[in-house]
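Please read the structure below before turning to the comments.
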Amino acid sequence: MKREGGKIHVSAEVLDFHKKALVIDLHTDCLIASRLLGVDLGKKHRAPWGITSPWFLHADIPKLIEGGVDGVFFGIVTHPLPCGAYRRAMRNIAFAHYTIKKHSDRISLALSAEGIVHAKNRGKIAALLGVEGMHMLDGRVERISNLYNEGVRYITMAHFTSNRFAISSADPLRENARLGKQGVLAVELMNEIGMIIDVSHTHSEIVRDVCRISKSPVIASHSAVRALRPVFRNMSDEDIKSVAETGGLIGLIYASDWLSGGIKRTRLSAVVDHADHIKKVAGSDFIGLGSDWDGFIRTPRGMKDASDLPVLTQLFFERGYKPEEVENILGLNFLRVFRQVESSSKKRKESA
Ligand SMILES: [Zn+2]
């Protein structure tokens with residue numbers, strides 16, 4: 001492994017492999033800074049002088065292109081207060097559509113697995129929408145269908161707070177949490193209409209219940225592993241097995257605090273350590289990418305932002321991953337999940 005000035009060198013072969021592969025990121029929060037601070041996603045942004053590890057400015061369109069990203073889920077995020085959250089979510093979704101249209105020369109909305117492939121074939125980044133937290137339903141399960149009709153393709157069961165449908169991993173009253181009747185209804189409706197269920201930020205007991213009743217694959221869009229960094233936000237081995245049993249996957253998060261903690265930013269190889277653990281517990285078919293770029297995270301040393309992503313592919317090869325495993329982790333595993341969610345929803349519709 002060659003390192004020039006601390007930077008990991010990406011070989012020409014690996015760079016070529018990475019550019020050809022279908023690369024899908026399952027959670028990027030770049031719309032937050034765009035909406036609140038007016039950051040133009042069409043331009044490449046640099047942090048002000050002296051700031052080496054900003055908490056955002058990781059992903060704009062030029063950086064995503066440079067990093068070989070072909071598909072990206074834009075997180076739809078609101079603050080956790082339940083009152084009026086649905087209205088705020090709809091406003092944020094409208095902003096997402098406005099942003100995607102504004103940059104239609106380089107990105108285009110994708111509503112299906114085929115839509116992602118189609119966008120790549122046309123040389124564009126597929127933009128998808130994921131809602132982070134069911135507090136945005138304001139307690140009404142049928143709004144899941146409205147979100148689907150607005151182009152949303154996954155919903156995270158909980159965010160920083162618990163809601164009517166699910167308990168958050170951050171909830172202080174989390175002992176003996178179970179999925180209630182409303183949560184069951186939400187899972188059933190998502191299975192029926194083909195909305196992907198996301199259990200990042202969700203309490204372990206709820207993850208198990210959701211995976212047990214879901215008839216479609218379940219994802220954790222942006223998470224790390226609790227065995228390597230024991231913290232509430234991360235996935236236990238049982239969570240990982242539960243998700244894998246549905247045929248779903250865990251998107252690797254690039255947040256130093258969840259990967260290793262400590263004052264210093266983590267080494268990039270920590271991301272591969274977490275992948276290794278998921279591989280050991282469940283297999284490499286159940287791993288994807290879920291950066292959490294721009295989600296107020298501290299990115300690992302060696303991969304400051306989206307433009308550096310090929311470095312991660314280089315590290316996977318150096319760790320002994322086979323080319324088809326790397327290809328699967330970069331995007332094909334998620335494509336399989338998305339197709340399964342779509343087809344099982346169609347089957348259910350036909351048999352109804
Ligand atoms: Zn999150």
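Just so it is clear, none of the values below were taken in a lab; they were calculated from the coordinates. Because the structure is a prediction, the values reported are computed rather than measured. Please note: Cβ atoms are built from the backbone with ideal geometry, for glycine as well, and neighbour counts cover all protein chains shown.
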- [ ] Select from Gly247, Ile263, Ser223 the residue farthest towards the positive end of the dipole of segment 209-347; place +1 on Cβ of Lys and Arg, -1 on Cβ of Asp and Glu, and compute about the Cα centre.
- [x] Ile263
Task: Computed [θ] at 222 nm, helices only, for the chain once each DSSP H run of length n ≥ 4 contributes -39500 (n - 2.57) - done: -11500 deg cm²/dmol
Open item on the list: Are there any trypsin sites (Lys or Arg not before Pro) in segment 159-245 that are in a DSSP loop and have at most 13 other Cβ atoms within 10 Å? List them by number.
Closed with: Arg178
Task: segment 3-351: relative contact order as a whole-number percent, Cα under 8 Å and 6+ apart - done: 20 percent
Task: Shape of segment 46-175, Cα gyration tensor, a/c cut at 1.5 - done: oblate
Task: Ascending count of other beta-carbon atoms within 10 Å, so fewest first, for Val10, Val231, Val117 - done: Val231, Val117, Val10
- [ ] Please report Rg over Rh for segment 102-260, where both radii come from the alpha carbon positions and Rh follows the Kirkwood definition.
- [x] 0.98
Task: Helix 333-351 axis, angle to the chain major axis (alpha carbon atoms, nearest 10°) - done: 20 degrees
Open item on the list: With N set to the number of residues, divide the alpha-carbon radius of gyration of the chain by 2.2 N^0.38 Å and report two decimals.
Closed with: 0.92
- [ ] Within segment 35-64, report the chymotrypsin sites (Phe, Trp or Tyr not before Pro) that DSSP leaves as loop and that have at most 11 other Cβ atoms within 10 Å.
- [x] Trp49
Task: Of the trypsin sites (Lys or Arg not before Pro) in segment 46-129, those whose Cβ has at most 13 other Cβ within 10 Å and which sit in DSSP loop - done: Arg46, Arg122
Open item on the list: How many angstrom lie between the Cα centre of segment 36-90 and the Cα centre of segment 104-119?
Closed with: 19 Å
Open item on the list: On C-alpha positions alone, give me the angle between the axis of helix 181-193 and the longest principal axis of the chain, in degrees, nearest 10.
Closed with: 70 degrees
